[in-house]
Amino acid sequence: MKASEGTKGIVTGRTRTVPRWQLTRWPGWVGYAAATWSLMYGALGLWWASGGAGFPFGVENDPEAAAESILGGARAVTTAPLIAALGLSGAAVAVAMTRRWRLGERGLFRTALILFAWGASVALLLVIPDRRVLIAVAYAPIFLVGAPFGWPPANYFEVALPWPVINQFVCIAGGFLCAGAAVAYGRRTRGACAYCGRSDAGGGWTTPSAAARWGRWATYVAVIVPLPYAAIRWAWALGIPFGITEEFLREGQEIGLWRAGACLSTVDLVGAILTLGLVQRWGEVFPRWMVGLSGRRVPPAMAIVPASLVSVMVTSAGLQGVRDFLAEGFPADGWATVAPGLVWPLWGVALGAATLAYYYRRRGRCSHCGRV
């Protein structure tokens, strides 16, 4: 059977008209969204290159960049023109992938478009962001709990989320758009359904049964890897100097550092428990104790969207930790301040793989091509 693109569904002995609302699904608009984002960010690059305010990179504009960002040495006079050029080029590439030009669907030109789109996605998702975006997201539940009690202070968000960090969230959004455009384009040009990725060649490792096998192992890795970090932070909160000096332990106790670490570790543990839902029944059907939702089907996006976002942020933060370790080694305060973070890239990759397996298991019949 062959799928018919356009306003008709897959031909299976009869023609099935695709409802109008389905034409607005993500493969149809993600390329234009990526082009719009890229064009706007390229325009920002031109603004910064002309001396405009708000350049978010480099220690001159981001005091914490020297210790946190790989772009700590960036300067507007040299980096902004590059941003403008890449932004405008990215917009052209996204349009080329979406408009279905014949030249863009074959040979070296197709390969070049895919490499550019995935390269931009990796840079925006894993290179530009640093661990501050993960810290901001991890503290969000703590803020919600503390808000009724007057914590955090009113000016906390201004301090914790300055423009350079907000810009990293903007870049992450652009990275996901570029990845979506690359996926839709790659699927379409290899003859697969742009909506689900299935083709007449069969599913192989993407079938639900196969995804259940390798996804289970990926999930267990994603659950186990962050546990040592949480255990060590709780040990410090309880006054146990595991892997650090007594002096550093006392310093942290005086400023409340270990209490904050214990709160983050608790969020970490909750995240590990939720990760198990990717392979448990309660990750597909709401359990009985959830009044009003009991027995109902869990929307796949409810797990896929946050898990995908966390996997990207964890991987980016882990890569930063590895870079710092390769440059400086273990600090004098103790090996435990660094060691748990060195395996975070594995955590992020495992969580991403577990999320992908969950998607393959939950996607069901494609409403566009009809394949199961």
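The values are calculated or read from the model by the stated rules, or taken from the named source; none is laboratory data. Computed from a prediction, not measured in an experiment: that's the story for all the values here. Ideal geometry is used to build each Cβ from the backbone, glycine not excepted, and the neighbour counts take in all protein chains shown.
Please determine, by comparing only the residues of the range 193-211 that are aliphatic (A, V, I, L, M) and touching a Lys or Arg at 6+ places or on another chain (Cβ under 6 Å), which one is surrounded by the fewest Cβ atoms within 10 Å (Cβ to Cβ).
Looking at the filtered set, the residue picked out is Ala194.
Taking into account only those residues within the range 86-105 that are surrounded by fewer than 13 Cβ atoms within 10 Å (Cβ to Cβ) and part of a helix (DSSP H, G or I), which is modelled with the lowest pLDDT?
Leu103
Which one of these is surrounded by fewer than 19 Cβ atoms within 10 Å (Cβ to Cβ), assigned to a helix (DSSP H, G or I) and not polar (S, T, N, Q): Val183, Val170?
Val170
Going residue by residue through the range 260-269, is there one that turns out to be among the small types (Gly, Ala, Ser) and modelled with pLDDT of 90 or more?
no
Among the residues of the range 106-124, is any in a loop (DSSP other than H, G, I, E, B) and at pLDDT below 90?
Yes - at least one qualifying residue is present in the range 106-124.
Does Arg297 qualify as being in contact (Cβ under 8 Å) with a residue 40 or more places away in the chain and surrounded by fewer than 16 Cβ atoms within 10 Å (Cβ to Cβ)?
Taking the combined requirement at face value, the residue does not satisfy it.
Restricted to the range 314-340, and to residues that are assigned to a helix (DSSP H, G or I) and without any contact (Cβ under 8 Å) to a residue 40 or more places away in the chain, which residue is surrounded by the most Cβ atoms within 10 Å (Cβ to Cβ)?
For the range 314-340, the residue satisfying everything is Gly318.
Which of the residues that make up the range 281-313 are among the charged types (D, E, K, R) and not in a helix (DSSP H, G or I)?
Answer for the range 281-313, where residues must be among the charged types (D, E, K, R) and not in a helix (DSSP H, G or I): Glu284, Arg288, Arg296, Arg297.
Looking at Gly352, Gly334, Gly295, can you tell me which residue is farther than 17 Å from Arg132 by Cα and at pLDDT 95 or above?
Every option except Gly352 fails the conditions.
Do we find a residue being loosely packed, with under 15 Cβ neighbours inside 10 Å and acidic (Asp, Glu) anywhere in the range 253-273?
Looking through the range 253-273, at least one residue is loosely packed, with under 15 Cβ neighbours inside 10 Å and acidic (Asp, Glu).
Collect the residues in the range 14-52 that are modelled with pLDDT of 90 or more, more than 26 Å from Leu134 (Cα to Cα) and among the small types (Gly, Ala, Ser), keeping them in residue-number order.
If the condition is that a residue be modelled with pLDDT of 90 or more, more than 26 Å from Leu134 (Cα to Cα) and among the small types (Gly, Ala, Ser), then Gly31, Ala35, Ala43, Ala49, Ser50, Gly51, Gly52 are the ones that fit.
Return yes or no: is Leu278 under 25 Å from the mean Cα position of the chain (by Cα) and part of a loop (DSSP other than H, G, I, E, B)?
It is true that Leu278 is under 25 Å from the mean Cα position of the chain (by Cα) and part of a loop (DSSP other than H, G, I, E, B).
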